Amino acid sequence: MVGKPTTSDAGKTADLDPGTSEELLAQILNTLTQEKAEDIVQVDLRGRSEIADYMVICSGRSTRQVSALSEKLVDNVKHTFGRIAKIEGKNQGDWVLIDTGDVVVHIFRPEVREFYQLEKMWLPSGAAATGS
């Protein structure tokens, strides 16, 4: 796979490999874990939806943490894979949606996550959530 040229911090042109959806998922899960996101769940959407290959759902303890997690994740995806992620809801900080193309990430405050219960909608009945 050929990456698109981007400018590095030093001003030199570098090729960033956009990576596979599995590599992107691993990086997202790693970032969320390092940044102390809670109740991280991954949902495999391959063959079930054309939206993305994976969905990740997690919680932040406060609106500030939800916003900070989303900023860190978007920045990390941009610097690691050269992908510009679309982001919705960051200013409110209750529920942030991040679309990286192959992986869609939902970051919620716990109360909002409980209200919407996305895991129940996307996980097969009786299936246990995977993640940390």
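FYI, it's all coordinate maths here, none of it is from the lab. This structure is a prediction, so every number in the text was calculated from the model and none was measured. Cβ placement follows ideal geometry from the backbone for every residue including glycine, while neighbour counts extend to all protein chains displayed.
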Problem - Rounded to 5, percent antiparallel among DSSP beta bridges of segment 34-121 - result: 70 percent
Handout entry: Test item: Cα-centred dipole of segment 34-121, Lys/Arg +1 and Asp/Glu -1 on Cβ, debye
Key = 180 debye
Practice task
Normalising by the residue count of segment 34-121, find the relative contact order in percent from Cα pairs under 8 Å and 6+ residues apart.
Solution key: 29 percent
Problem - Candidate aspartates and glutamates for bridging to LYS36, where Cα separation is under 14 Å - those fewer than 8 sequence places away on the same chain excluded - result: GLU71
Handout entry: Area projected by the alpha carbon convex hull of segment 34-121, averaged over all directions, nm²
Key = 5.5 nm²
